Amino acid sequence: MPSASANYRTLLRTAGAPAFFFPAAIGRLGIAMTGIGIVWLVHARTGSYAAAGLVTGGFAVADAVAGPQIGRLVDRFGQAQVLPCALGAHAAAVALLLTSAVPDLVAGVLVGATLPQLGALSAARWSALLSGERAAALPTAFALEALANGVSYLAGPALVSVLGAAGHPGAGVLLAATLVVGGGLALTVQRSTMPPLTGRSERRHAGRALLRSAFLRQVAVGLALGVFFGAMQVSVTAYAVERGTPDAAALLYFAFNCTNLVGGWAYGVWGQGGSPRRRQAAAAACLTLTSLPLLFIDTPLAVGATLALAGLVIPALLILASVLTEAAVPRAVLTQAFTWGNSANAAGTAGAAAVAGRVVDASGASGGFGVAAGAAVVMTAVALAGVRNSSPDVPKPSAPTETTARTALPPT
């Protein structure tokens, strides 16, 4: 681990990197808190989990649909122009939700539709910063992003739950919005690392890359991974309840999340080299192999160990999806491409939770684990299709065009 620390420290010593990475990480913590914060707030207001779930679902769908559109505007006009507008609209939407000025469902949709994907903006900055001779450090940078994401989704929901249990259900939503807006504004002022804008003709042709198989495969991988997450959330809880030990669910989630962080940390240091497509296929196959035993094992220790092994593999899939997405599309649509991956993951999670719930009702927790294993099998097939496809990745321009030089924002 000392070499791992040195590697990440070296990356963060890159000029301008800490100034955008840490604000984005703070904002991402707020993003991770928003959904569960809405659950606590709406349930406290209505006394109904059904109402809370409906509002949270509206939030998630709006976030998944609007995210790529915000990314598209960022690619066209730049982060400094689009992000302040999105943050202002998000703050206003949260205010509507907290004050009940509009129906909760309407407010939840507005909160999701205005939530900027700060992780995608940070990933786009890494891509611009580590171009050319420094491109070999990109997998480590994306591993660092995956670590920040993992920590956010481990700590954020727990913090909101503590506030809600203490009798402050609205505090979680307010704190989440504060972190999102504060982190986003701090990111906005860091202009020196913003990706340069591209010319109009380049943007016109770049959008076609979003329809190419190399990129669509990564969207499919993100969707399948979301299905895996959603099915696991339902199935682990159902397994613990079936055994009469509902408290064990928290321990099982903890085992999965902790090894997830360890896997992300390790991959950023020792996962370099080789074909990313082959690595993705191997990681998907490993996830399939670790998921299948959940269909028949029954002891909590064995289930926990299996989930821990699965948690080690997940970060590699997330990191490689970012690496392959970055290689598959031109810079003119890179932010939009990253947000499409996030949206696919979120859509898969939301849809799988509903499907797996029905399967669990019909055949128990093993049926839900079967849905997760099926998603891993599909992911493996998609990744193997990428290995068989030998088409070259889309090259990135090594320098801004003349139009780019005229339209790029000056550094601060």
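Throughout, read-outs are computed from the coordinates displayed, never taken from laboratory work. Because the structure is predicted, anything quoted here is derived from the model rather than measured. Neighbour counts run over all protein chains shown; Cβ positions are idealised from the backbone, glycine included.
What fraction, in whole percent, of alpha-carbon pairs in the range 293-380 exceed 21 Å separation? When all Cα pairs of the range 293-380 are counted, 45 percent exceed 21 Å.
Shown is the FRET efficiency for His205 and Ala91, computed with R0 = 41 Å from the Cβ-Cβ distance and rounded to the nearest 0.05: 0.70. Remark on the chain: ratio of C-alpha radius of gyration to 2.2 N^0.38 Å is 0.96. Each label point was placed 7 Å from the Cα along the Cα-to-Cβ direction; for Ser48 and Leu105 their separation is 0.9 nm. When the alpha carbon gyration tensor of the range 201-391 is reduced to an equivalent ellipsoid, its three semi-axes come out at 32, 17, 14 angstrom, largest first.
Using a Förster distance of 30 angstrom, determine the FRET efficiency expected from the C-beta separation of Leu216 and Thr14, and round it to 0.05.
That pair, Leu216 with Thr14, gives E of 0.40.
One Cα centroid belongs to the range 94-129, the other to the range 281-314; the line between them spans 33 Å.
Normalised by the number of residues in the chain, the mean separation of alpha-carbon contacts (under 8 Å, six or more apart) gives a relative contact order of 26 percent. Under Stokes-Einstein, with the Kirkwood radius over Cα pairs as Rh, the value for the range 18-197 at 4 °C and 1.567 mPa s is 78 µm²/s. Per-residue packing, averaged as other Cβ atoms within 10 Å, sorts the ranges 284-297, 44-57 into the order 284-297, 44-57, beginning with the highest. Counting only whole DSSP H helices of the chain, the ones at least 24 Å long by C-alpha along their axis and with mean Kyte-Doolittle hydropathy no lower than -0.5 are 17-46, 49-77, 79-99, 138-165, 169-188, 213-242, 248-270, 300-328, 334-363, 365-388.
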